[in-house]
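The values are calculated or read from the model by the stated rules, or taken from the named source; none is laboratory data. Fair warning: this is a prediction, and the values are worked out from it, not measured in the lab. Cβ placement follows ideal geometry from the backbone for every residue including glycine, while neighbour counts extend to all protein chains displayed. Accessible surface areas use protein heavy atoms only, side chains included; no ligands, DNA or RNA. Shrake-Rupley method; radii C 1.70, N 1.55, O 1.52, S 1.80 Å.
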Amino acid sequence: MTDLHELSALECAAAVRRREVSPIELVSYSFGRIEALDPKLGAFVTLTPESALRQARAAESLVMSTDDPDALPPLLGVPTAVKDLNQVAGVPSHFGSQTMPDFVPPFDDHVVRLLRDAGTISLGKTATPEFGLCCYTETEIGPPARTPWDVTRSAGGSSGGAGAAVASGMLPFAQGSDGGGSIRIPSSVCGLVGLKTSRGRVSRGPVDLDVTRLSVLGPLARTVRDAAAFLDAVAGPQLGDPDPLPALPAGESYLDWCEREPGRLRIGRFIDAPMSDGVDPDVFAAWEQASLLLSSLGHEVVDVPPPMPPESVAAFETVWAVSAGTIPVEASREHLLTPLAKYLRARAREVSGIEFANAMAQLKTMSRDAIIGTARFDAVLVPTLARLPQPIGYFSAGGDAAEDFERQKRFTPYTAIYNVTGQPAIS
């Protein structure tokens, strides 16, 4: 049989239903792989073996007690993990920060509950940079998250721990979040499928402090079908959601959509972006190669202007700084923040309420124009990153937080566009 870490999430679930492998075997195998690899990769910040094995035993009993495999939860027994920005009842949440040493939430986020209802088993919390504010995962509370393909380089961020865990085979897929590229960046760096869902597709409740509406939840996976299965498990509105999208019609699933013949697509493409100062030649070559491949498959590929104007950068930076400034941090612990968090929060204190409202209004207007400008296309092809994966320590080298932020903008000038518009985007 194929090694368990080579199985996709759907293959794991199918093997469990056929009783070819038990949930206990899958969970134990994953913990063994974590023990062997995580000291080099820094994927996890918290492990929950007792809870995971308890859930695995319950899943095993469920499998053995039914004669109808189709009646089982669709992802029963599949190991996964939750990003340390999301809440699991009874499991510490550190948010990648020294300022949160002892917060243990009494509730599950909806996405956590829905993943559990689908049968998945969380093995713990994956590493994230402080409050998910940057595109690399290097914290003061644990080792940096590294891509398994070259451990001298960052796994990206802010879902860097999830990226390292999935790419190394510790998990078949994992939950992430994306406020400016935080699912797509590590997916690109680690060679994964990363889906930034449409705004409102997956509930951020029950406690949602993101007044900017930039951040969404979604999967990091090794296959498109696993990403679709994740979405089938968690998509749909919950009571009280501020921007709900309707559930799929009865009888339809995202997984079934993977089997649809797409027909001839009209695809726009651009490579200039407001924050970009050029792209690495290898990135440009890959973008061109993808364009040629799509054309050879019969699709129409058309050059389009960047959907966001240069003035969008200042508005986005204002909104991003305010999002950092609204994070509740005890005054007595402010000194423990990283230089980048201090820098962004200082910028936020210089923004008036009127300036923030104006920046949000600007982004909404620009979003409408961007969506209208590309509405005639089925998809838009753009690089995820402008640079190749960067060495550990590159962004913060020198200790200048303002330069750190500029380096991040040059590294990932494209991803935030689709957090602003709210459209789906996949790496």
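Over the chain, Cα pairs under 8 Å with separation of 6+ residues give a relative contact order of 16 percent. Please report the antiparallel percentage of DSSP beta bridges with both residues in the chain, rounded to the nearest 5. Once the DSSP bridges in the chain are tallied, antiparallel ones form about 55 percent. Expressed as a whole percent, the accessible surface of the chain that belongs to carbon and sulfur atoms is 56, based on a 1.4 Å probe. Max-minus-min Cα coordinates of the chain on each principal axis give 61, 60, 44 Å, with the largest extent listed first. Annotation: extensible slack from Met64 through Thr326 equals 89.4 nm (criterion: 0.36 nm per residue apart, minus Cα-Cα distance).
Here is the tail figure for region 1-153: Cα pairs spaced more than 20 Å apart come to 52 percent of all pairs. Only Cα pairs under 8 Å and 6+ residues apart enter the sum, and on that basis the relative contact order of region 53-107 stands at 22 percent. Say a paramagnetic label sat at a point 7 Å from the Cα of Val304, along Cα to Cβ; which residues of region 249-285 have their backbone N under 12 Å from it? Hits in region 249-285 for Val304 at 12 Å: 266-271. Label-to-label distance, Phe103 versus Leu388, with points set 7 angstrom from Cα along the beta-carbon direction: 3.8 nm. The Asp3 and Glu403 beta-carbon pair, evaluated with R₀ = 41 Å, returns a calculated FRET efficiency of approximately 0.40.
Hey, could you grab the Kirkwood Rh for region 208-278? Inverse mean 1/r over distinct alpha carbon pairs, Å, one decimal.
It is 15.7 Å.
In this Cβ point-charge picture (+1 for Lys and Arg, -1 for Asp and Glu), the chain has a dipole of about 240 debye about its Cα centre.
Multiplying the residue separation of Asp272 and Asp256 by 0.36 nm and removing their Cα-Cα distance gives an extension gain of 2.3 nm. Take the chain with all the other protein chains still there, run a 1.4 Å probe, and you get 43 Å² of accessible area per residue. How would region 50-115 be classified by its alpha-carbon gyration tensor: rounded, prolate or oblate, with rounded meaning a/c under 1.5 and the a/b versus b/c comparison settling the rest? Taking the square roots of the gyration eigenvalues as a ≥ b ≥ c, region 50-115 is prolate.
Extension gain, Gln289 to Leu239: 0.36 nm times the residue separation minus the Cα-Cα distance gives 13.6 nm. Using only the C-alpha atoms, the convex hull of region 101-199 corresponds to 113 Å³ per residue.
With θ taken as phi - 60° and the Karplus curve 6.51 cos²θ - 1.76 cosθ + 1.60 applied, the whole-hertz 3J(HN,Hα) list for region 144-152 is x, 7, 10, 5, x, 7, 6, 6, 7 Hz, x standing for glycine and proline.
In the chain, a dipole from Cβ-located charges (positive for Lys and Arg, negative for Asp and Glu) runs towards its positive end, and of Gly194, Ala14, Pro306 it is Pro306 whose Cα lies farthest in that direction.
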